Amino acid sequence: MTAARRALPALALGAVCALALTGCSSDGGDGKDGGKGDGRPELKVSGAYVPQPPTEEMAGGFLTIRNSGDSADKLTSVSSDVAGKVELHETVDQQMQRVKSLSVPAHGELELGRGGNHLMLMDLERKPTKGQTVTFVLHFQRSGAVTVKAPVEATNYTHRK
């Protein structure tokens, strides 16, 4: 038996061990690995906008969060550069109510839109006007913080998918 033939089983065993160790490695639990097949959420935000508010006290924020990952996540809070606070709201039986979090299901989406779940920007530091941009920082239970830039649109604007 040649030296090359004797080394082949050892090389194969080494490759199998390396693959096994790679599969067991950890990303440190920071949720920033993109959720590629490891059971984590994989979030993508789209369609963000803020309609120009008719008053200077509060405004609404709308967007869609898609989760193509294998586990759910929760939107737990939001901050903004134009508001003292941002509340998470859901609409039930045409009544708006504040909630502590909103779920983003695995392989699903959370839509924040007119007449349904949405963001309420309270204690406005400045009234957002059409043509400006509002920055949101979305805080998720598992995925951490995600920063989103939302254009300010006309008061009656509705995003089309």
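The values are calculated or read from the model by the stated rules, or taken from the named source; none is laboratory data. Predicted model only: the values in this text are computed from it and were never measured. Quick reminder, even Gly has a Cβ in these numbers, built from the backbone with ideal geometry, and neighbours come from all protein chains shown.
Assorted remarks:
Residues checked against (1) under 11 Å from the mean Cα position of the chain (by Cα); (2) among the polar types (S, T, N, Q):
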position: Leu63; (1), (2): yes, no
position: Leu75; (1), (2): yes, no
position: Thr91; (1), (2): no, yes
position: Ser101; (1), (2): no, yes
position: Gly108; (1), (2): no, no
position: Leu119; (1), (2): no, no
position: Asp123; (1), (2): no, no
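- Residues of region 46-63 that are surrounded by fewer than 19 Cβ atoms within 10 Å (Cβ to Cβ), out of contact with any Pro (no Cβ under 9 Å at 6 or more places or on another chain) and either assigned to a strand (DSSP E or B) or polar (S, T, N, Q) (or both): Ser46, Gly47, Thr55, Met58.
- Some residue of region 28-43 being modelled with pLDDT of 85 or more, more than 12 Å from the chain's Cα centre (by Cα), among the basic types (Lys, Arg) and not in a strand (DSSP E or B): yes
- Take the conditions (1) closer than 11 Å to Tyr49 by Cβ; (2) touching a Gly at 6+ places or on another chain (Cβ under 8 Å); (3) surrounded by fewer than 17 Cβ atoms within 10 Å (Cβ to Cβ); Tyr157 misses just one of them, which is (2).
- Test: Gly131 is on the phi > 0 side of the Ramachandran plot, more than 14 Å from the chain's Cα centre (by Cα), modelled with pLDDT of 95 or more and among the small types (Gly, Ala, Ser): yes
- Strands (runs of 3 or more DSSP E) fully within region 64-161 that include at least 3 residues being hydrophobic (A, V, I, L, M, F, W, C) and touching a residue at least 40 places away in the same chain (Cβ under 8 Å): 118-124, 133-140, 144-153.
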